[in-house]
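Working notes, beginning with the structure itself.
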Amino acid sequence: MRTIKIFDTTLRDGEQSPGASMNIGEKLQLARQLARLGVDVIEAGFAIASPGDFEAIKTICSEVEGPVMCSLARAREEDIKRAYEAVMEAPKRRIHTFHSTSDIHLKHQFRVSREEALRRSVEMVKLARSLVDDVEFSPMDATRSDAGYLCEVLEAVIDAGAGTVNIPDTVGYSIPNEFGALIKTITEKVKNINKAVISVHCHNDLGLAVANSLSAVINGAGQIECTINGIGERAGNCSMEEVVMALRTRRDIFNADTNINTEEIMRSSRLVTKITGISVQPNKAIVGANAFAHESGIHQDGLLKEKSTYEIIRPETIGLHKTKLVLGKHSGRHAFKTRLKEIGYELTDEEINIAFERFKKLADQKKDIFDEDLETLISEEVAKVEEVYSLIDLNITSGINQKPTAMIKIKAGDNIIEKTEHGDGPVDATYKAIVSATDAKCSLLKFEVKSITGGTDALGEVMVTLEEGGRSVRGHGADTDIIVASAKAYINALNKLAKGMRDKKPFCC
Ligand code: KIV
Ligand code: ZN
């Protein structure tokens, strides 16, 4: 049985999804979860892309233990050096450098010859190897490259010291038998291929990223690059949960497995949704809300008699347990801390004190506190931004024959500002009151609300995207009152705008 390495790029390629940029606190939280999930490599970012990316990689490298930590770098000296500075604190570190090899890219984008691309790739792999022992090279747009030239580049970069050669289907163009055949060609034609691990990096433009990655495994790939929930550039990347569960469920075919602790899959998926605001479609394999919901009477009948009749994966395997009641109003600090530890959160005493206070407030409003509520509470705390504005009070009147009215009190510096506004509904009135209190000049691009657990006393979670002068930011808020959650989300986004945070701008190759 072979062990296929899982290289997670949620923090790098995943973050390239439109609107998915994360702040350092969010990235650190996600990296900790990826370590619990058991991924082999975390691509923590693209160090030279921005100071924020650099800081996030550095922080993750010094605070998260377990996986190999990696930064992306173009095949340029300044990129490689910056990537090294970012990962140098990590006990296990990798530099991942790349250069296009397809004629389309070389001619139209890079405007260099094949010879020059090969020379740069080799030079930069050598430079990276002079800094770290573990170097990965990607020939970008490999699937539209001339196979002979591709093999020549791979052989040269392995000679130069690359321990992993990653074959990207950058534009998601390939189909499974073709991609499998390309991997087979590489195993046959690249003379020194036994000195490197073959990795694959598939995009999902034709919905084939998982199928292509699996076909590559059958043909000799030893590492899969993927993201949680399949997020990523355009149609996304190979989805971690799907590829991992396909390997696990059909070990009989692949004769391969991964080091993934599958019981952490569901929690990882929920965290990515929470942090990025990108929801998972209900019918998505493995982590979609309907993935284990059996609607048909015939299926339900079969399941009641014997689970294997219609269930190929036990929900528990991916960490989908029946939601458990964990804590309530009378639970003490010790029970709170213990439960947090059990679900994977190790907080400092100071963080516990703040979180416990919020938990007590929540327990006053909501009788039963579930694991999902705790996760929301903690992730709000971890991802908190410095507050320029804070919500002091909110009073709403609305009803069938009443004009919805919101009275809001907001603290801005030492001032308390109070405003009352009417609107088309209570959220509209609240947002008008916030805008009038803060003089905000932004527009609302997106508003989403969902409940975290079942029941009428569930925590409601609101995600908004605001735009101001070409900058867009996401804000989150959770509360048992969805109007209050809506106000918190709007104010969270305003705080991000005030602090100059923004969703990522494209970074050029
Ligand atoms: O899709 C791609 O080609 C990439 C490379 C940088 C590996 O993300
Ligand atoms: Zn990619």
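A few comments on the model shown:
- Protein heavy-atom surface of the stretch 2-276, 1.4 angstrom probe: 49% of the accessible area is carbon and sulfur, with nucleic acids and ligands not counted.
- Of interest is the spacing of the C-alpha centroids, which for the stretch 104-179 and the stretch 301-366 amounts to 45 Å.
- The chain - percent relative contact order, Cα under 8 Å, separation 6 or more: 11 percent
- Mean residue ellipticity (222 nm) of the chain, computed from DSSP H runs ≥ 4 via -39,500 (n - 2.57), nearest 500: -12000 deg cm²/dmol
- Ranking by accessible area, most exposed first, for Thr164, Thr309 with a 1.4 Å probe: Thr309, Thr164
- Tilt relative to the chain, helix 147-159 - C-alpha long axis, 0 to 90 degrees, to 10: 90 degrees
- Counting only alpha carbon atoms, the long axis of helix 333-342 and the longest principal axis of the chain meet at about 30°.
- Rounded, prolate or oblate (a/c below 1.5 giving rounded, otherwise prolate when a/b exceeds b/c) for the chain by Cα gyration tensor: prolate
- Percent accessible area from carbon and sulfur atoms, the stretch 389-499, protein chains only, probe 1.4 Å: 48 percent
- Helix axis angle, 51-63 relative to the chain longest principal axis, alpha carbon, degrees: 90 degrees
- With an a/c value of 1.5 or above and a/b not larger than b/c for the gyration tensor axes a ≥ b ≥ c computed over the alpha-carbon atoms, the stretch 412-509 is described as oblate.
- Averaged over its residues, the chain has an accessible area of 44 Å² per residue, based on protein heavy atoms and a 1.4 Å probe.
- Tensor-based shape of the stretch 375-461 (alpha-carbon gyration tensor, a/c under 1.5 rounded, otherwise prolate or oblate): oblate
- Rounded percent of accessible protein surface that carbon and sulfur make up, the stretch 333-382, 1.4 Å probe: 49 percent
- Sorting Thr348, Thr227, Thr185 by accessible area puts them as Thr348, Thr185, Thr227; the probe is 1.4 Å, largest comes first, and only protein heavy atoms count.
The values are calculated or read from the model by the stated rules, or taken from the named source; none is laboratory data. This is a predicted model, so every value here is computed, not measured. Remember, those area values only see protein heavy atoms, side chains included, never the ligands or the DNA or RNA. Shrake-Rupley method; radii C 1.70, N 1.55, O 1.52, S 1.80 Å.
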